[in-house]
Structures are given as C-alpha cells and as structure tokens.
Amino acid sequence: MKTEAWLFAGVAGFFLVTGVGYAWFSQEPAGTAALTVCFLMAGLIALFFTRKYRLGGSRPEDRKNGEVAERVGALDFFPPRSAYPPVTALGAAVAALGVVYGLWLFVIGLGVLGAGVVGMVFEYAHRGE
C-alpha cells in the first residue's frame, strides 16, 4: 500500500496547490470549495493507504524484486449471495426520486438506503467467530 499512499498524497498535494492558487487569484467560492473537497478526499484516501501499510506491513507489490508467485492464495471472503445490494440500490433510486417528488419520498428512500448499507456492513460481521 506504500505506492498507493504516495500516489494519492501526490494527488492531494496537487489539489492543495491548485486550490490555494485558484482561491488567491479568482476570489470565487464555488471552485475553491470544489478543489478543497477534492484535496480532502484524496488526502483521506492517502491516509487510509498509509494506515493500511503501517498495520499490514510490506507486500510483494511494494518491493522492486517482488514476484507474482509470492501473492498466490485466497484473496478474501466473497459472500455467495446477499439481498442487501438490491435493497441499497432501491433505496438510492427512491431517494433520488424523492428529490423530484417530495421530501416524504426522499426520507423513505433514505431509510431504505440506510437499512441496505447497514445490512451489507454487518451481514458477515461475526463470520470469524
């Protein structure tokens, strides 16, 4: 994850420099806000990859002499079937329709979306026990 962390740190640095320059010369708040959000998102991803690298250590991909054969084995657990992705998609669609048709439909869609996301997050939470 070291390479990914450096990559996104560079992207965050680019957006920081661009955002400061844009804010200084343009005095326009919408573009400045957009560049600030881009900087924060890239910085968050860089922080995530840095933390993942420090906790997990070096991978074969992080070394110049790493071989493909060192990475052989099971990648991760992938659930065989789940009802939560369609529920999440339905909630997002209803919430998007709620923006057009009214707050009541948006709130219902937000509830369904939240239930789908929470379900996906905690569906296999106790799998290792």
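The values are calculated or read from the model by the stated rules, or taken from the named source; none is laboratory data. In this text the structure is predicted, and so the values were computed from the model without any measurement. Positions of Cβ are backbone-derived with ideal geometry, glycine not excepted, and every protein chain shown enters the neighbour counts. Surface areas here come from the heavy atoms of the whole protein model, side chains and all, with no ligands, DNA or RNA. Shrake-Rupley method; radii C 1.70, N 1.55, O 1.52, S 1.80 Å.
Condition first: touching a Gly at 6+ places or on another chain (Cβ under 7 Å) and of a type in the set (Val, Ile, Thr). Now tell me which residues in the range 16-51 satisfy that.
Thr32, Thr36
What residue, among those in the range 52-108 that are charged (D, E, K, R) and free of Cβ contacts under 8 Å to residues at least 12 places away in the same chain, is farthest from Val121 (Cα to Cα)?
Looking at residues that are charged (D, E, K, R) and free of Cβ contacts under 8 Å to residues at least 12 places away in the same chain, I get Lys64.
For the range 99-129, give me each residue that is open to solvent by 70 Å² or more (accessible area, probe 1.4 Å) and not in a helix (DSSP H, G or I).
Correct list: Tyr124, His126, Arg127, Gly128, Glu129.
May I ask you to list the residues in the range 56-98 that are of a type in the set (Val, Ile, Thr) and either under 24 Å from the mean Cα position of the chain (by Cα) or outside any helix (DSSP H, G or I) (or both)?
The answer is Val72, Val87, Thr88, Val94.
Any residue at all in the range 92-101 that is out of contact with any helix residue (DSSP H, G or I) (no Cβ under 7 Å at 6 or more places or on another chain) and either among the acidic types (Asp, Glu) or in the same structural domain as Glu4 (by the TED database) (or both)?
No, because not a single residue in the range 92-101 is out of contact with any helix residue (DSSP H, G or I) (no Cβ under 7 Å at 6 or more places or on another chain) and either among the acidic types (Asp, Glu) or in the same structural domain as Glu4 (by the TED database) (or both).
Out of Leu90, Leu44, Leu55, Leu97, which single residue is under 30 Å from Trp6 (Cα atoms) and modelled with pLDDT of 95 or more?
Unique residue meeting the criteria: Leu44.
What are the residue pairs meeting all of these: first residue in the range 32-51, first residue in the same structural domain as Thr3 (by the TED database), second residue not in a helix (DSSP H, G or I), Cβ atoms under 8 Å, and 6 or more apart or on different chains?
Final answer for the pair search is Phe49/Met1; Thr50/Met1.
Search the range 1-41 for residues being open to solvent by 50 Å² or more (accessible area, probe 1.4 Å) and outside any helix (DSSP H, G or I), and hand back the single one that is modelled with the lowest pLDDT.
That would be Gln27.
Quick check on the range 109-123: of everything there that is under 17 Å from the mean Cα position of the chain (by Cα) and free of Cβ contacts under 8 Å to residues at least 24 places away in the same chain, which residue is nearest to Pro79 (Cα to Cα)?
Filtering the range 109-123 for residues that are under 17 Å from the mean Cα position of the chain (by Cα) and free of Cβ contacts under 8 Å to residues at least 24 places away in the same chain, the one nearest to Pro79 (Cα to Cα) comes out as Val121.
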